[in-house]
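FYI, it's all coordinate maths here, none of it is from the lab. Small disclaimer: the values here were computed from a predicted structure and weren't measured. Methodologically, a virtual Cβ is constructed for each residue, glycine included, from the backbone with ideal geometry; neighbour enumeration extends over all protein chains shown.
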Amino acid sequence: MPSSYAQYTANGATTQFAVPFSFISRSHVTVKVDGVSNAFTWINNSLVQTSGTPANGAVVEVRRTTPNTTAVVDFTDASTLTETDLDNAVTQFLYLSQEAEDDVQSALIVASDGTYDAGSRRIKNVANPVNAQDAMTKNYMEATYLPSITAAQNAAASSASAAATSATNAASSASAASTSATSAASSASAAATSATNAASSASAASTSATNAATSATAAASSATAAATSAANIMGGVTGTSTTSLSVGLGSKTFTTQTSKAFVVGMSVNVARTSDPANQLMVGTVTAYDPSTGSMTVSVTSSVGSGTYTDWTVSLGGAPAAGGLSDGGRKVASFTASSNVRYQVAWGSTGTVTLPASPAQGDVVELALLASTSAYTTSINPNGKKINGATATLQLGYIVATLKITYDATLGDWT
């Protein structure tokens with residue numbers, strides 16, 4: 001516990017904050033709100049009051065800064081040596097040592113395993129990387145790599161679609177030409193007096209069929225090449241794992257192939273290879289070592305349950321429209337997370353439980369995919385309200401998108 005400062009998270013109402021440490025002079029104590037100096041008054045030696053009300057969630061810091069350039073006691077020859085002067089002199093050095101220790105404890109230091117430990121705090125104001133081992137920010141990764149990966153995926157998909165269309169058209173031409181050849185042969189058999197002409201017509205039709213078949217083969221080869229190209233691109237952001245994992249939310253660490261293109265911040269799907277539709281986890285890569293294949297994913301939504309050892313890892317795509325994450329397809333009742341879009345397809349009935357602790361402006365979007373007239377979706381407000389009511393909302397047969405937003409002032413989803 002720090003000896004020279006205290007930090008509080010403001011609730012938007014409190015203006016008085018405790019001073020849990022001793023000091024030589026009140027002038028040695030400062031108050032900051034979110035890193036900015038704030039005027040304050042003293043209630044007593046253990047309590048201060050800010051000039052304004054800090055906003056909800058703001059960090060209020062009360063800190064002692066003992067002077068380190070001037071002694072608080074100046075001894076002179078032949079002066080009377082009092083207990084108070086001696087105590088103040090010693091106290092100044094005690095307080096300075098406490099403040100130095102607090103600074104060391106809150107600094108980015110080398111842990112016992114040889115790595116820097118940020119203590120679960122964000123590191124801000126990081127410059128863009130220059131050398132191979134420089135740290136890379138989430139913004140730099142998304143701006144530098146994600147657009148090119150998305151563009152390559154789209155280009156490969158378009159190329160494969162065009163090639164498949166060409167192959168279909170060529171196959172249709174081959175079928176038509178083959179029909180012409182059959183008709184020509186029948187005409188030759190029926191018209192004996194025009195046998196020579198009919199034979200020539202059959203030969204020409206046969207040649208046309210051969211050419212069309214060759215065109216179909218070439219188009220099919222083009223489609224195969226495009227599909228191979230797409231597979232090569234996607235191969236960098238796909239992998240498999242035999243690590244034993246349990247389906248669920250939270251951090252999941254496993255081993256996949258080395259030298260892949262996975263990067264921190266990338267959205268991925270981790271699906272059971274033998275049952276991907278019913279055993280699925282969706283989340284964000286928080287760590288990947290390309291030399292060992294070790295990967296950690298923070299799972300934000302999942303389908304199914306159980307523990308398995310056959311997993312396929314694939315790119316989850318960019319966030320859904322409006323800044324929402326893709327929560328995947330749900331086929332059974334589940335608890336939703338804030339700012340996530342889900343596809344709901346349980347065919348008959350099911351319940352979506354809304355987040356327990358939403359923040360102002362949080363959004364949940366449901367793409368309701370009905371399949372029977374008895375289809376019913378229940379929306380459980382989870383202790384909050386929906387359109388002013390605390391009861392569970394019942395939705396009958398519907399095929400639509402439901403988007404609800406949380407108002408923290410009213411405690412209401414609308």
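Stretched out straight at 0.36 nm per residue, the stretch from Thr351 to Ala143 would grow longer than its current Cα-Cα span by 71.1 nm. Given the C-alpha centroids of the stretch 243-281 and the stretch 1-43, what is the distance between them in whole angstrom? Each part reduced to its Cα centre gives a spacing of 45 Å. Note on Thr165 and Asp289: the model spin-label points, each 7 Å out from Cα along the C-beta direction, lie 4.8 nm apart. The simple spin-label model puts a point 7 Å past each Cα toward its Cβ; for Thr401 and Thr53 those points are separated by 3.8 nm.
Applying a threshold of 30 Å to the alpha-carbon distances of Lys138/Lys385; Lys124/Lys260; Lys252/Lys385; Lys138/Lys403; Lys124/Lys403; Lys32/Lys385 flags Lys138/Lys385; Lys252/Lys385; Lys124/Lys403; Lys32/Lys385 as lying beyond it.
Taking 15 Å as the straight-line reach from the Cα of Lys330, the aspartates and glutamates in range (excluding those fewer than 8 positions away in the same chain) are Asp275, Glu365.
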